[in-house]
Amino acid sequence: MACCGGGLCCQCCCNEGDTRTPEELTILGETREVEDEILPRKAYESLDYDRCINEPFLEVLEGLDNKKARKYEAIKWILVFAIGVSTGLVSFGVVYASEVVLKRGHGTNTAVHDAFIPYWRMRFIPVAAGSGIPEIKSYLNGVKIPGIVRLRTFICKVTGVLFAVAGGLFVGKEGPMIHSGAILGAGLPQFQSITFKKIRFHFPHFRSDRDKRDFVSAGAAAGVAAAFGAPIGGTLFSLEEGSSFWNQTLTWKVLFCSMSATFTLNFFRSGINFNKWGSFQLPGLLNFGEFKCVDGDKTCHLWTAVDLAFFVLVGVAGGLLGALFNCINKRLTKYRMRNVHPKARFIRVLESLLVCMVTTLVIFVASVTLGECRDLVSTNNNTSTQEVNSTIRRFFCYNNTYNDMATLFFNPQEVAIHQLFHQNATFSPVTLLLFFVLYFFLSCWTYGVSVPSGLFVPSLLCGASLGRLVANVLKINFHMQVYAGTFALIGAAAFLGGVVRMTISLTVILIESTNEITYGLPIMITLMVAKWTGDFFNKGIYDIHIHLKGVPLLEWETEVEMDKLTASDIMEPNLTYVYPHTRIQSLVSILRTTIYHAFPVVTENRDNEKEFMKGNILISNNIRFKKSSVLTRAGEQRRRCQSMKSYPSSELRNVCDEQTAVEPAEEGQDILQQMLERRHVPYPNLYPDQSPSEEWTMEERFRPLTFHGLILRSQLVNLLICGVCYAENQSSASQTRLSHSEMTEDYPRFPDIHDLDLALLNPRMIVDVTPYMNPCPYTVSPNTHVSQVFNLFRTMGLRHLPVVNAVGEIVGIITRHNLTHEFLVAKLRQHYITI
């Protein structure tokens, strides 16, 4: 890719993919399976975690001392605390409102009405649908997804999930709460809102992708902490699932934010539910309860070493079922993307209503026809008789009996999980099996509907029924003394791990939720086995949805085989660049005719080295060595064209059959003058009829360029809008100077070049871009191996990585698109063919 940011293919790459024949694709080995050929790909931009060390930024550093630095750090800590408290308050509001809404019951009319409301909100904000975790994971990985952290997305997410849960859909609140926390983290430090224009305070700090992503990491962790009462698990979730860039200071801030969210939610829930303010008895949205044996029962044990063998088997089953869940959901999602999303939005309404009606019908019919009327039995001391009586559902059963299927279906999901964890002899094996099958397919169908929907709680409930089923089989058929609640917990962990493929963070989340450290080993073993089993078949559900949306996500590391490639193999040599001093007409032409988000600032190398070669032999030999060993863009493009000549398409051969030799310049004649006489100008006019680059030779297209820095599209547009320029008869020092706050004032939505009134510009004026470019970006050598390039790009959070040869000439540029797994695999196949 050329200089575009964030996974945008350059025009030549996109056109190549559209015009190459099937035979050429077969030669390159780039044919795709039918099931992967979907999907409309969006042009996602990348976030830029690297600082732009230009002159305005250096002016800020000049005025910064230790006192001001400590002041800004204190402001950061205050904002982190505010994000945590806000996330806790929002979580409490969701819990309280959902309890009020659920008191209306689960009748069919109410369910359909409540399911219609969240869709009606998603009709205006489609990005608010789903759990939001794939989008937040992509954002923390460095991909900018439009609208994902907007205020209106937050409003739709919070209100929509209430009615989705009340509508009887098999969705959870936890995933949307993670998304909501991330939105609060992105919005609060900005002190402004694009949705509500009047909310705008002058606060010029923290206006960069670097600062914003740190706050989003804290907000996402706070969402996990509030959902499960697991502040440490939330911190690890933000580290494991998203953030590519981490340091010790950020760890402390994220943990502090998670603690703030947990205790804020705990404070209000404990005070209102128990009227004991400050008692801190309800730490999270989901309460697993306390696991312990009945007092005086010496034969009872939570788990033993023998049980570990069964936990491994449950982990294998969870991994297999999780892989099946992901496979089915992937096919459903692809069907929706092909047949539902492209059609009128009302079709999504019908789908949401259909899912809700079918869910309600299945729940009712299954409870009537498949449920068993079972006698009430005494429970262990973990659950009082009064609590049991308040959660059982008789549902056409006689006195002193209850319907076990209706008890699972007609209770809130959190209550059903608590029953499976802590009530003995409540559900028959047949009921548990049927409930698991029905819940499995209904929750799989529901995830992906255009409503806010979490996956944690449905997966936990589905897995808990599986684990409880295993415990009942071991008790009844093998007469083993096992603690049913432990197997329910292990089953929940196995199925959830098989679906989402999380290990470290999920282990800590479940340990913190159960408040039982002795469960650490079995949960960890179960999650590892479930992940390894599921990875044999497919990826986790979040990674699948990220892939289907075409997000260029970067994994933790590349495969070992990729080190056969170097930076020169994956870079894009076809560059669009600017000069240090460029006319306004050239800048406007570049910005209006390209989609790239950054441009190298370069100067051209003159073809005068042959004069030096006539003298000293040593100098002559050195120059010859440089020409033979240093990669140039022209040589790289020529090598690629040579490999294309063997393709069967005559069209591709004609593209490469160009005259690559440049006629030698006459004695004393200026090269630039030669180009002007041959009508080869560096850039087209302000309103070009046809680009003269079509007549350029290979050497003219890929002239040696000395690299001086990078400048962003947003910076160039800002310079044009502010009138930063000078006339030919003036010095560049006379042009207007912009401060760092003026350059970042419009963050994160900078003006577009198409919004610029061209009548206000003088096309002959000159812009000096050197004060505003980044003169010292990270660069790599053409011979750098892909693993080194990948690690530098990912760990430093780069958006553009120039490839500079040994003599300071830029020969290509690497962006996120060039490091995706699919792109690297295609280049590796091409490398094998070339060999």
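The values are calculated or read from the model by the stated rules, or taken from the named source; none is laboratory data. Note that the structure is a prediction, hence the values are computed from the model and not measured. No Cβ is skipped: glycine too gets one built from the backbone with ideal geometry, and neighbour counts run over all protein chains shown. Ligands, DNA and RNA are excluded from the accessible area calculation, which covers all protein heavy atoms including side chains. Shrake-Rupley method; radii C 1.70, N 1.55, O 1.52, S 1.80 Å.
Confirm whether Leu548 is more than 23 Å from the chain's Cα centre (by Cα) and among the aliphatic types (A, V, I, L, M). For Leu548, the condition - more than 23 Å from the chain's Cα centre (by Cα) and among the aliphatic types (A, V, I, L, M) - is not met. Total residues in the stretch 299-340 satisfying the condition of being of a type in the set (A, V, I, L, M) and crowded, with 20+ Cβ neighbours inside 10 Å: the figure is 4. Residues that are closer than 20 Å to Ser589 by Cα and of a type in the set (Asp, Glu) were ranked within the stretch 698-747; the one that is modelled with the lowest pLDDT is Glu700.
Let's see how each residue does on (1) open to solvent by 30 Å² or more (accessible area, probe 1.4 Å); (2) within 30 Å of Tyr726 (Cβ to Cβ):
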| site | (1), (2) |
| --- | --- |
| Met765 | yes, yes |
| Met773 | no, yes |
| Pro777 | no, yes |
| Arg794 | no, no |
| Gln830 | yes, no |
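Which members of the stretch 768-778 meet the condition of being over 24 Å from the mean Cα position of the chain (by Cα) and not β-branched (Val, Ile, Thr)? Within the stretch 768-778, Asp768, Pro771, Tyr772, Met773, Asn774, Pro775, Cys776, Pro777 qualify. Looking only at residues in the stretch 165-195 that are at pLDDT below 80 and touching a helix residue (DSSP H, G or I) at 6+ places or on another chain (Cβ under 7 Å), the one that is most open to solvent (accessible area, probe 1.4 Å) is Thr195.
Here's the yes/no breakdown for (1) under 30 Å from Asn805 (Cβ atoms); (2) open to solvent by 40 Å² or more (accessible area, probe 1.4 Å); (3) in the same structural domain as Lys144 (by the TED database); (4) under 29 Å from the mean Cα position of the chain (by Cα):
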{"position": "Phe707", "(1), (2), (3), (4)": "yes, no, no, no"}
{"position": "Val717", "(1), (2), (3), (4)": "no, no, no, yes"}
{"position": "Cys725", "(1), (2), (3), (4)": "no, no, no, no"}
{"position": "Ser731", "(1), (2), (3), (4)": "no, yes, no, no"}
{"position": "Ser741", "(1), (2), (3), (4)": "no, yes, no, yes"}
{"position": "Asp755", "(1), (2), (3), (4)": "no, yes, no, no"}
{"position": "Asn762", "(1), (2), (3), (4)": "no, yes, no, no"}
{"position": "Val780", "(1), (2), (3), (4)": "yes, no, no, yes"}
{"position": "Asn783", "(1), (2), (3), (4)": "yes, yes, no, no"}
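The residue list Leu792, Leu824 contains one member that is outside any loop (DSSP other than H, G, I, E, B), without any contact (Cβ under 8 Å) to a residue 60 or more places away in the chain and within 25 Å of the chain's Cα centre (by Cα), which is Leu792. Scanning the stretch 522-537 for residues that are open to solvent by 10 Å² or more (accessible area, probe 1.4 Å) and either of a type in the set (Phe, Trp, Tyr) or touching a residue at least 24 places away in the same chain (Cβ under 8 Å) (or both) yields Ile525, Met528, Val529, Lys531, Trp532, Thr533, Asp535, Phe536, Phe537. Regarding Phe57, is this residue at pLDDT 80 or above and part of a helix (DSSP H, G or I)? Against the criterion (at pLDDT 80 or above and part of a helix (DSSP H, G or I)), Phe57 qualifies. Kindly check whether there is at least one residue in the stretch 212-222 that is modelled with pLDDT under 80 and crowded, with 19+ Cβ neighbours inside 10 Å. So far as the stretch 212-222 goes, no, none of its residues is modelled with pLDDT under 80 and crowded, with 19+ Cβ neighbours inside 10 Å.
Tell me, please, whether a residue that is more than 28 Å from Thr518 (Cα to Cα), modelled with pLDDT of 80 or more and part of a helix (DSSP H, G or I) can be found in the stretch 228-242. Checked against the condition, which is being more than 28 Å from Thr518 (Cα to Cα), modelled with pLDDT of 80 or more and part of a helix (DSSP H, G or I), the stretch 228-242 yields no hits at all.
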